[in-house]
Amino acid sequence: MNIKDIKKEFPIFDNKVHNNDLVYLDSANSSQKPKVVVDRIYDFYTKEFSNVGRSVHYLAVAATNLYENTRVLVQKYINAKDPNEIVFTKGATEAINLVANTFGQKYLKEGDEILITELEHHSNYVPWHYLRKSKGVKINFADVDENGDISIESIEKKITPKTKILAITHLSNVTGAILPIKEIIQLAHSKNIPVLVDGCQGAPHLKLDMQDLDCDFYAISCHKMYGPTGLGVLYAKKKWLEELPPYQGGGGMIGEVKKEGITFGDLPNKYEAGTMATAQVIAFGESINFINKLGIEKIEEHERELTKYGEEILRKNNSVKLIGSPKNKGSVLSFTLDGVHPHDIATILDEDGVAIRAGHHCCQILHEKLGLAATARASLGVYNTKDDLDQLNSSINKCIKIFNS
Amino acid sequence: MDLKDLYQEIILDHGKNPRNLGKFENFNKDAKGHNPLCGDKVHVYLKVDENKKISDIKFEGHGCAISMASASIMTELMKDKDQKEVNELIEDFLKMIKDNPDLKSNLINEDDKTKLMSLSGVKKYPMRVKCATLPWHTLISAMTNKPGEVNTEKDD
């Protein structure tokens with residue numbers, strides 16, 4: 001497999017959009033799926049289906065092994081110490097809710113502070129918000145600078161003796177800023193503050209090493225990693241998963257259930273109540289295999305080159321204003337056009353088969369800070385090419401023509 | 001689908017240069033509308049006289065060309081209409097955007113009908129229908145003194 005002709009591994013590109021080739025530039029929202037992942041779901045349901053972790057019949061044993069095999073694949077992919085540090089959830093959103101809920105329940109009390117940043121996606125703010133009401137905690141925001149970046153200093157400035165947890169994004173889904181999370185984690189740990197990293201945009205594009213990063217929690221969205229929807233991963237250090245209470249109760253997560261009391265199961269079952277997204281987990285194993293075959297370093301290099309190219313051509317286009325010029329930028333190109341609302345841009349681009357996103361991208365705090373109601377965003381994946389970005393630029397020019405004629 | 005149906009000249013003109021944009025002193029009714037999915041916001045101000053007639057109407061807001069044009073055209077048409085006429089026009093417009101092929105009301109002339117029909121292009125773009133209808137739902141809210149903000153995601 002070669003990145004140059006990787007598009008053919010993705011069946012979606014066989015389809016036309018309004019009679020045009022699909023130029024998919026919405027991978028920060030959700031990525032497309034390679035055939036191996038789609039086929040894996042079909043094969044599992046047609047040949048191997050059973051619930052996992054319960055029955056002892058042939059299919060159940062085989063399905064359980066497949067399911068657990070993905071856990072090990074994820075563990076190795078992110079270099080976690082132990083497969084039991086990998087918890088499957090219904091999404092990164094649930095992963096963050098799990099931590100906010102259980103950590104809040106056990107460790108937070110009135111007056112405590114949670115530190116997040118102005119860059120955060122709603123899914124790394126709203127779950128913490130509930131603790132304001134239930135626990136009386138305060139949420140502080142580290143300032144984003146004019147480049148759309150978060151510096152270590154801006155984090156340090158907002159740390160107080162009452163800060164009990166830091167929750168930060170790895171890679172901004174709007175400005176593309178890649179945060180210096182390793183240094184930020186070191187800083188937080190030097191003050192005994194655990195760190196949750198929202199890795200939704202980090203995991204699909206950057207090489208991960210949990211042991212090197214030393215973060216306490218890392219949330220992953222599988223559908224942004226060429227995997228199925230309805231699935232997320234929470235990486236958490238074993239000590240946290242052992243210390244924190246279960247998040248949801250139900251079948252599969254228990255030890256012994258009696259009328260007078262209940263004990264909970266061992267890791268990772270303690271956090272996987274009820275029948276899990278079995279087919280999705282098994283298919284996600286193929287997403288990891290797919291990424292591994294290409295090599296995440298190769299993907300990073302390919303996307304970095306494309307991002308640079310995209311920035312170059314959009315900078316040359318006088319009508320385009322790029323949003324955010326962080327020091328270290330991921331494959332996200334957010335922009336505005338003079339006199340054309342992002343929603344209108346998205347509709348006009350769509351006519352040419354160019355799929356982008358317009359709006360606040362679930363980052364209203366950031367947009368308010370930027371003084372913008374909405375932005376347009378082109379975000380890249382492994383399947384994108386320079387031709388895609390040329391098409392983006394020429395469709396942008398079409399917008400300008402329609403609105404300025 | 002044809003973009004020309006959506007971005008007709010009338011829409012582009014009203015989108016770029018919205019009529020009745022702003023706020024005026026002594027309005028006696030107003031309401032805010034918000035589309036949380038895209039961030040479009042509109043605030044409609046009315047002066048309704050003792051005969052329940054809209055003697056003045058303006059709006060503030062920001063949004064895409066469709067929502068701005070819709071608010072602009074709406075405010076032009078509503079001036080000097082009484083409550084009954086306002087209701088008839090709103091109902092007619094919303095039905096046209098939803099199901100009806102054209103407008104039925106006799107309250108407006110052919111020129112005005114053409115203006116309103118220029119918004120019918122959104123019918124082919126389900127995600128954009130809310131852009132066109134937000135100002136109208138906000139007007140209903142202002143006329144009926146409904147508390148709270150109109151929210152496109154809470155419509156029935």
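Helices meeting the span-like rule in chain A (full DSSP H runs, Cα extent of at least 18 Å along the helix axis, mean Kyte-Doolittle score of 0.5 or higher): A:278-294. Simple point charges give the picture: +1 on the Cβ of Lys and Arg, -1 on the Cβ of Asp and Glu, and for region A:1-88 a dipole about the Cα centre of about 60 debye.
Could you pull out the longest piece of chain A with no exposed loop GluC sites (Glu not before Pro) in it, calling a site exposed if DSSP puts it outside H, G, I, E, B and it has at most 14 other Cβ atoms within 10 Å? That gives A:261-405 as the longest site-free run. Compared with the dominant principal axis of the Cα atoms in chain B, helix B:83-98 is inclined by about 20°. With both residues required to sit in chain B, DSSP beta bridges show an antiparallel share near 85%. Taking label positions 7 Å along the Cα-Cβ direction at both A:Asn20 and B:Asp82, the computed distance is 5.1 nm, reported to one decimal. The trypsin sites (Lys or Arg not before Pro) of region A:347-391 include none that meets both conditions, a loop assignment by DSSP and at most 10 other Cβ atoms within 10 Å of the site Cβ. Take chain B and mark each of the GluC sites (Glu not before Pro) that is in a DSSP loop with at most 10 other Cβ atoms within 10 Å; the longest unmarked stretch, sites excluded, is B:51-156. Would you mind classifying region A:81-153 by shape? Square roots of the alpha carbon gyration tensor eigenvalues, ordered a ≥ b ≥ c; an a/c under 1.5 is rounded, otherwise it is prolate if a/b is larger than b/c and oblate if not. Judged from the Cα gyration tensor, region A:81-153 comes out oblate (a/c at least 1.5, b/c at or above a/b). Looking at region B:3-149, I'd like the Rg to Rh ratio, where Rg is from alpha-carbon atoms and Rh is Kirkwood's inverse mean 1/r. Radius of gyration over Kirkwood radius for region B:3-149 works out to 0.93. Among the trypsin sites (Lys or Arg not before Pro) in region A:316-347, those located in a DSSP loop and surrounded by at most 13 other Cβ atoms within 10 Å of their own Cβ are A:Lys327.
The simple Förster model, with R0 at 60 Å and r as the Cβ-Cβ distance, assigns A:Asn69 and A:Lys401 a FRET efficiency of 0.70. About its Cα centre, the dipole of chain A is roughly 620 debye, where the only charges are +1 on Lys and Arg Cβ and -1 on Asp and Glu Cβ.
Quote the relative contact order of region B:3-149 in percent (integer), defining contacts as alpha-carbon pairs under 8 Å separated by 6+ residues.
Details: 252 pairs, mean separation 46.2, N = 147.
Here the relative contact order equals 31 percent.
Taking a label point 7 Å from the Cα of A:Ser190 along the Cα→Cβ vector, which residues of region A:153-180 have an amide N closer than 19 Å to it? A:153-168, A:179-180, by backbone N distance to the label point. This model, with +1 at the C-beta of Lys and Arg and -1 at the C-beta of Asp and Glu, gives region B:3-149 a dipole about its Cα centre of some 440 debye. In terms of surrounding Cβ atoms within a 10 Å radius of their Cβ, A:His205, A:His121 rank from fewest to most as A:His121, A:His205. Between A:Lys293 and A:Gln248, the simple label model (points 7 Å from Cα in the Cβ direction) yields a spacing of 3.2 nm. One chain, two ends: A:Ile152 and A:Lys321. Fully extended at 0.36 nm per residue, the span grows by 58.2 nm beyond their Cα-Cα distance.
Look at the dipole of region A:112-163 built from charges on Cβ: of A:Ile150, A:Leu119, A:Thr160, the Cα furthest out on the positive end belongs to A:Thr160.
For every helix of n ≥ 4 consecutive DSSP H residues, a contribution of -39,500 (n - 2.57) applies; sum these over chain B, divide by its total residues, and give [θ] at 222 nm rounded to the nearest 500 deg cm²/dmol.
The helix-only estimate for chain B comes to -12500 deg cm²/dmol at 222 nm.
For region A:300-405, the square roots a ≥ b ≥ c of the C-alpha gyration tensor eigenvalues yield an a/c of 1.5 or more together with a/b not exceeding b/c, which makes the shape oblate.
Taking the number of Cβ atoms within 10 Å of each Cβ as an exposure proxy, the fewest-first ranking of A:Asp39, B:Asp92, B:Asp111 is B:Asp111, A:Asp39, B:Asp92. Beta-bridge orientation, region A:147-289: approximately 55 percent antiparallel, per DSSP, counting only bridges with both partners inside.
Restricting everything to alpha-carbon atoms, can you work out Rg to Rh for the protein assembly as shown with a Kirkwood hydrodynamic radius?
Value, to two decimals: 1.02.
If R0 equals 41 Å, the separation of the Cβ atoms of A:Tyr130 and A:Tyr58 corresponds to a calculated FRET efficiency of about 0.40.
Classify region B:48-100: rounded, prolate or oblate, from the alpha-carbon gyration tensor (a ≥ b ≥ c, eigenvalue square roots; a/c under 1.5 rounded; otherwise prolate if a/b is larger than b/c)? Oblate, because a/c is 1.5 or more while a/b does not exceed b/c.
Straight-line cross-link partners of A:Lys158 among the lysines, defined as a Cα under 21 Å from its Cα and at least 8 positions apart when in the same chain: A:Lys109, A:Lys135, A:Lys138, A:Lys182, A:Lys191, A:Lys369. The C-alpha atoms of chain B define a longest principal axis, and helix B:129-143 lies at about 10 degrees to it.
Each residue of region B:16-32 was assigned a 3J(HN,Hα) from its phi angle through the Karplus curve 6.51 cos²θ - 1.76 cosθ + 1.60 (θ = phi - 60°); the sequence is 7, 10, x, 7, 6, 8, x, 10, 10, 5, 6, 5, 10, 9, 7, 7, 10 Hz, with glycine and proline shown as x. If the cut-off is a Cα-Cα distance under 25 Å, which lysines reach A:Lys398, setting aside same-chain residues fewer than 8 apart in sequence? The reachable lysines, counting only those whose Cα sits under 25 Å from A:Lys398, are A:Lys16, A:Lys308, A:Lys316, A:Lys321, A:Lys386, B:Lys4, B:Lys16, B:Lys115, B:Lys123, B:Lys124, B:Lys130.
When the charge dipole of the protein assembly as shown is built from unit charges on Cβ atoms (+1 for Lys and Arg, -1 for Asp and Glu) and taken about the Cα centre, the candidate among A:Ala188, A:Gly324, B:Val150 whose Cα reaches farthest toward its positive end is A:Ala188. Simple spin-label estimate for A:Met1 and A:Glu48 gives 1.6 nm between the two label positions (7 Å along the Cα-to-Cβ direction from each Cα). Exposure proxy for B:Leu46, A:Leu166: other Cβ atoms within 10 Å of each Cβ, ordered fewest to most, give B:Leu46, A:Leu166. At an R0 of 45 angstrom, the distance between the Cβ atoms of A:Gln211 and A:Glu260 translates into a FRET efficiency of 0.65. Normalised by the number of residues in region A:38-292, the mean separation of alpha-carbon contacts (under 8 Å, six or more apart) gives a relative contact order of 24 percent.
Values in this text are rule-based calculations from the coordinates and carry no lab data. Remember, it's a predicted structure, so these values are computed and weren't measured experimentally. With ideal geometry, Cβ positions are generated from the backbone for all residues, glycine too; neighbour counts draw on all protein chains shown.
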